[in-house]
Amino acid sequence: MKRIALLFLVLISLTGCTTGAKDGTSDFDIFAEERPEKIHDDIASGSFRQVNISGNAKSIVIRSSSSENFEFYNGDLNLAHTYTVLCDESGETLDIEITMENPDEDNDILGSVLIDIPKKEFEKVEIAGDFKQVSLYTINSEVLIHANDSLVNLDLEADCLEHNITLDGSVSNAFRMVSVYFDNSPDNISMDLNVIQNGTINDPQDILKENGLESGSGKPIISINSAKEINIYSKE
């Protein structure tokens with residue numbers, strides 16, 4: 001219980017993805033309203049089928065937009081951190097690069113770059129680069145996340161999850177820690193979990209066993225390949 005409470009506080013301070021107002025508004029929505037600093041012009045969803053996200057920002061949040069546009073916000077509480085957003089549109093592919101000035105000068109992760117994905121179905125949203133932390137809400141697309149010693153938080157609405165999420169790591173480049181938070185106890189999802197040698201899977205609520213998520217036949221599939229630590233929680 002202490003571990004859950006600690007992680008809860010860490011996620012509030014780092015990504016704000018575990019709590020929200022009574023009307024369903026997340027901490028990031030509130031934060032964006034209070035400090036609506038956009039760091040790039042909106043991009044219409046257009047005919048894009050694939051979205052590639054890369055860069056070197058310390059922390060990013062991928063969430064669903066309330067509009068038909070890609071939106072980019074600076075949610076970093078450290079005003080000394082500055083970011084550049086580069087977007088390249090090529091046919092049905094949108095490449096997004098989030099770069100941070102002097103990312104190695106300090107280890108502050110007081111907030112995140114917020115990337116809002118339009119509410120439409122994409123064939124794939126691929127996330128790669130040197131992000132130290134990636135937080136992902138449920139979006140209506142296949143998701144592929146590459147490891148670069150990253151900490152990954154998945155904050156998922158079980159009943160709204162219809163597409164696979166794949167975390168693609170390797171023994172030499174494993175995910176540092178992956179935390180999966182379901183809004184309720186899921187019964188429509190399978191999980192394929194793989195930790196490196198001496199890695200751990202923490203499931204204090206017995207979600208995998210009680211809901212038959214591990215090696216189940218349900219779809220979609222959350223596949224985590226090569227992680228040092230995996231944590232599974234339900235907020236219910």
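The values are calculated or read from the model by the stated rules, or taken from the named source; none is laboratory data. What you are looking at is a predicted structure, and each value in this text was computed from that prediction instead of being measured. Glycine gets a Cβ as well: all are built from the backbone with ideal geometry, and neighbour counts include every protein chain shown.
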Could you grab me the full set of residues in region 66-95 that are within 18 Å of Val125 (Cα to Cα), of a type outside the set (Phe, Trp, Tyr) and in contact with a strand residue (DSSP E or B) (Cβ under 6 Å, 6 or more places away or on another chain)? Asn69, Glu71, Val85, Leu86, Cys87, Asp88, Thr93, Leu94, Asp95
Give the residues of region 195-217 that are at negative phi and modelled with pLDDT of 90 or more, sorted by residue number. Val195, Ile196, Gln197, Gly199, Thr200, Ile201, Asn202, Asp203, Pro204, Gln205
Given (1) surrounded by fewer than 21 Cβ atoms within 10 Å (Cβ to Cβ); (2) within 14 Å of the chain's Cα centre (by Cα); (3) without any contact (Cβ under 8 Å) to a residue 60 or more places away in the chain, where does Gln133 come up short, assuming only one miss? (3)
When only residues in region 36-66 that are surrounded by 13 or more Cβ atoms within 10 Å (Cβ to Cβ) and polar (S, T, N, Q) count, which is nearest to Ile139 (Cα to Cα)? Ser64
Tell me yes or no: at least one residue of region 218-234 is modelled with pLDDT under 90, touching a Gly at 6+ places or on another chain (Cβ under 9 Å) and among the polar types (S, T, N, Q). no
Across region 174-194, which residue is surrounded by the fewest Cβ atoms within 10 Å (Cβ to Cβ) among those that are farther than 15 Å from Ile230 by Cβ and at pLDDT 90 or above? Asn184
Restricting region 148-173 to residues that are under 15 Å from Ala128 (Cβ atoms) and crowded, with 23+ Cβ neighbours inside 10 Å, the one farthest from the chain's Cα centre (by Cα) turns out to be Gly169
